[in-house]
Amino acid sequence: MGKAIIALGVFAVAAAVVVGILQARDSDSAPPSRALRPLSLAEVSRPLPGTPPELAALRRRVNELQPGGAAALDARLQALRGYPVVVNLWASWCGPCISELPIFQRQALKFGKQVAFLGVNSGDNRAGARRLSARFPMPYPSIEDPRQAITGQYDAVGLPATAFYDGRGKRVVHQGPYADEAQLSADIERYALGAAGP
């Protein structure tokens with residue numbers, strides 16, 4: 001009986017090792033996912049002719065890090081009342097945040113005439129945030145939130161998280177990263193532009 005249990009245990013361990021080797025081999029042979037090239041500061045700063053004045057003023061603050069936390073975000077949202085808004089919470093230490101930044105770069109340019117975009121640099125230090133924004137310039141300003149008060153307001157469980165406001169101020173929060181442009185574009189259409197804007 002004892003020998004049978006030992007033999008069964010050895011078989012189970014061997015099976016687990018074989019499965020692990022096969023999975024590792026399959027993942028090595030799988031084609032790598034195509035990461036988007038980050039856009040340059042010049043690319044994200046290009047003018048969007050026909051942009052309403054409030055959104056154009058926001059775009060003039062491309063890639064800025066602004067202090068103020070939750071109070072600054074609330075003031076900014078109040079000033080943008082009537083416009084759809086997308087707020088992306090990110091940090092330089094957050095790998096999934098970094099992987100989705102090229103997606104946000106492109107979607108902010110695509111929807112920039114209709115939708116306001118804002119970043120929230122959450123639980124980060126300024127030096128790390130500046131290094132990341134130099135590598136991945138954002139077509140919108142970010143508000144510094146070192147104590148993660150905004151993260152708490154959104155009931156976000158970790159980063160990244162993205163809040164969508166429609167033109168009437170109704171909010172939906174998406175938890176986790178965006179894997180591609182189509183997914184983010186669909187959520188912008190559904191949650192930000194789903195209600196008539198100005």
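The values are calculated or read from the model by the stated rules, or taken from the named source; none is laboratory data. Predicted, not measured: the structure shown is a model, and the values here were computed from it. When we count neighbours, we look across all protein chains shown, and the Cβ atoms used for this are built from the backbone with ideal geometry, even at glycine.
Hey, among 81, 126, which residue is farther than 21 Å from residue 187 by Cα and charged (D, E, K, R)?
126
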Anything in segment 137-149 that is surrounded by fewer than 23 Cβ atoms within 10 Å (Cβ to Cβ) and either of a type outside the set (Lys, Arg) or closer than 17 Å to residue 85 by Cα (or both)? List them, or say none.
137, 141, 144, 146, 148, 149
Criterion first (in contact with a helix residue (DSSP H, G or I) (Cβ under 6 Å, 6 or more places away or on another chain) and crowded, with 23+ Cβ neighbours inside 10 Å) does residue 124 satisfy it?
no
Qualifying strands (runs of 3 or more DSSP E) (wholly inside segment 107-198; at least 3 residues being touching a Pro at 6+ places or on another chain (Cβ under 8 Å), of a type in the set (Asp, Glu) and modelled with pLDDT under 95)
none
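If you go through segment 78-106 one residue at a time, how many are more than 11 Å from the chain's Cα centre (by Cα) and in a helix (DSSP H, G or I)?
Total satisfying the criteria: 3.
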Under the condition of being crowded, with 19+ Cβ neighbours inside 10 Å and of a type in the set (Val, Ile, Thr), which residue from segment 150-171 is nearest to the chain's Cα centre (by Cα)?
162
Could you identify the single residue in 69, 50 that is among the small types (Gly, Ala, Ser), exposed (fewer than 10 other Cβ atoms within 10 Å of the Cβ) and modelled with pLDDT of 50 or more?
50
Mind checking which pairs have a first residue in segment 151-163 that is under 16 Å from residue 104 (Cβ atoms) and a second that is among the hydrophobic types (A, V, I, L, M, F, W, C) and crowded, with 21+ Cβ neighbours inside 10 Å, Cβ under 6 Å, 6 or more apart or different chains?
159/89; 159/91; 159/97; 160/89; 160/90; 160/97; 161/89; 163/87
Looking only at segment 172-186, filter to residues that are in contact with a strand residue (DSSP E or B) (Cβ under 6 Å, 6 or more places away or on another chain) and surrounded by 15 or more Cβ atoms within 10 Å (Cβ to Cβ); which one of those is farthest from residue 101 (Cα to Cα)?
173
Could you list, in sequence order, the residues of segment 74-84 that are of a type outside the set (Phe, Trp, Tyr) and surrounded by fewer than 23 Cβ atoms within 10 Å (Cβ to Cβ)?
74, 75, 76, 77, 78, 79, 80, 81, 82
